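Comments concern the structure below.
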Amino acid sequence: MKRMIFGAACAALIASASPALAQTMAVQVPSPHRLELAKEVIAASGVQRQMSGMFGNMMNQMMANATKNVPPSAKARVDAFTQAETDVMVRNLPKIVDVVTNAYATTYTDQELTDILAFYQSPSGQAMTAKAPQMAQNMMGGIIALMPQIQHDVAEEACAKITCTPAEKHAFGGGGAS
């Protein structure tokens, strides 16, 4: 439940930033050549495959967390919500990749994109792309291991400022860290 609350808070933060980000992205229009270079970098780097895997893992983790303490009577509703979330993310992946492509095209110069593409086409770049799922898994394991302590610290800091009840402190992650 704590992770769901933390995830919901992160999602709300991202959602509140989205209009400003979208407006910033809309102002910058890269040249067709730079946009094509960015598309090549995205393809060579495996970004779409990585994002698809990341979303899949994220949805699996959310499902596991969401159903952990759910009474059997509510499980079907949680399952329906989680499946809808997964379906919507999969449908929107091409739009997300377009945003990432535009970000590359508006951030990097033609020469930088050419150099980045050359790297991803090199043996080291191809190894990096091939090993990215394992790298992400290794990182996520470490990050997940940090979450109880981070949640505990957040609860401690927040409750020092707003004086939480013991139940609130526990609900926000201050019930103990590993």
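Quick check: anything in the range 87-95 modelled with pLDDT under 90, surrounded by 15 or more Cβ atoms within 10 Å (Cβ to Cβ) and under 30 Å from V41 (Cβ atoms)? The answer is yes; a qualifying residue exists.
Here E112 meets each of (1) modelled with pLDDT of 90 or more; (2) under 16 Å from the mean Cα position of the chain (by Cα) with one exception, condition (2).
Taking the options M54, M128, name whichever one is closer than 30 Å to E36 by Cα and touching a Ser or Thr at 6+ places or on another chain (Cβ under 9 Å).
Values: M54 fails: touching a Ser or Thr at 6+ places or on another chain (Cβ under 9 Å).
After ruling out the rest, the residue left standing is M128.
Scanning the range 109-166 for residues that are over 22 Å from Q48 (Cβ atoms), of a type in the set (A, V, I, L, M, F, W, C) and either assigned to a helix (DSSP H, G or I) or touching a residue at least 12 places away in the same chain (Cβ under 8 Å) (or both) gives I143, I144, A145, L146, M147, I150, V154, A155, A158, C159, A160, I162.
The values are calculated or read from the model by the stated rules, or taken from the named source; none is laboratory data. The structure presented is a predicted model; accordingly, all values stated were derived computationally and were not measured. FYI the Cβ positions are ideal-geometry reconstructions off the backbone, even for glycines, and counts take in every protein chain you see.
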